[in-house]
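For reference, the structure is listed below as structure tokens.
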Amino acid sequence: MEGTPAAGWVEAPHEPATKRRILRAAADVFADKGYYAAAVDDIVRASDTSKGSFYHFFPNKQGVFLSLVDHMYAVLLGRVEAAIERERGALNKVDAALRAVVAEFSRHRRLSRILLIEAKGLGHAFNDKLFQLHSGFAGLIRRYLDRAVAEGSIAPVDTELAAYAWLGAINEVVIRWLHTGQPDPLERALPELRAMLLRSIGASPEREPGEGGPSA
């Protein structure tokens, strides 16, 4: 998020208002200062709450960060699923998911940098969290690759392996962009990335997103 990190923030109405305010502030503070330079006091000031309120909801800085990661991935997954729902045909849905993921990382660059680069080395709790979240996204990709196989859109493949390969490729492209700023904008990588990923499962990269195919 360039400028205002909490732009695009999606509220979770079931959460207490104070907790939501602290999470919004944490998103701003982490995006502005980075994980390691940020302090609980910074988050308390930015949220206009108290240390007592902070520690009522979160055990420490890592705790609020892990909650923020959960929220960020929930928002990303929700937007990917919304993009998928607008498409017909399993392969078109996979296309839509890829476009949505790239767009969301592009929109939230500073928080993406914290999540994918700066937060490495936070320990087992973060690594386990990241593995669970990656598994969830890989499962989403695999589900629609399985449908594409069932439709006859692609030949039978190891869809679990393909899903993790896709996830790894997207991750590396985004990390390179975060380090180097290339391509600028990130979305410029999409056509070639899409073509390579489709070739990896035996699908034609010449087909246009949203083009034809059986209904899913």
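Would you be able to tell me the number of residues in the stretch 108-128 that are of a type in the set (G, A, S) and either assigned to a loop (DSSP other than H, G, I, E, B) or at positive phi (or both)?
3
Please verify whether the stretch 97-111 includes one or more residues that are over 23 Å from P185 (Cβ atoms), crowded, with 18+ Cβ neighbours inside 10 Å and not hydroxyl-bearing (S, T, Y).
no
If I go through the stretch 130-145 residue by residue, how many of them are closer than 18 Å to G78 by Cα and surrounded by 15 or more Cβ atoms within 10 Å (Cβ to Cβ)?
10
Quick one: is A119 under 23 Å from W177 (Cα atoms), among the small types (G, A, S), free of Cβ contacts under 8 Å to residues at least 60 places away in the same chain and surrounded by 18 or more Cβ atoms within 10 Å (Cβ to Cβ)?
No; evaluated as a whole, the condition is false for this residue.
Here are some residues: A148, A165. Which one is surrounded by 12 or more Cβ atoms within 10 Å (Cβ to Cβ) and modelled with pLDDT under 95?
Only one candidate passes the filter, namely A148.
Select, from Y73, Y55, Y36, the only residue that is within 22 Å of N127 (Cα to Cα), part of a helix (DSSP H, G or I) and not hydrophobic (A, V, I, L, M, F, W, C).
After ruling out the rest, the residue left standing is Y73.
Of the residues in the stretch 134-165, how many are in contact (Cβ under 8 Å) with a residue 60 or more places away in the chain and either among the small types (G, A, S) or assigned to a helix (DSSP H, G or I) (or both)?
9
Across the stretch 58-70, what is the total count of residues that are assigned to a helix (DSSP H, G or I) and either farther than 12 Å from I22 by Cβ or of a type in the set (V, I, T) (or both)?
Qualifying residue count, the stretch 58-70: 5.
List the number of the failed condition for H124; all other conditions in (1) open to solvent by 30 Å² or more (accessible area, probe 1.4 Å); (2) modelled with pLDDT under 90; (3) under 27 Å from T18 (Cα atoms) hold.
Here H124 meets the rest and fails (3).
The values are calculated or read from the model by the stated rules, or taken from the named source; none is laboratory data. As the structure is a prediction and not an experimental result, all values here were calculated from the model. Quick reminder, even Gly has a Cβ in these numbers, built from the backbone with ideal geometry, and neighbours come from all protein chains shown. We work out accessible area using only protein heavy atoms, side chains counted, and drop any ligands, DNA or RNA first. Shrake-Rupley method; radii C 1.70, N 1.55, O 1.52, S 1.80 Å.
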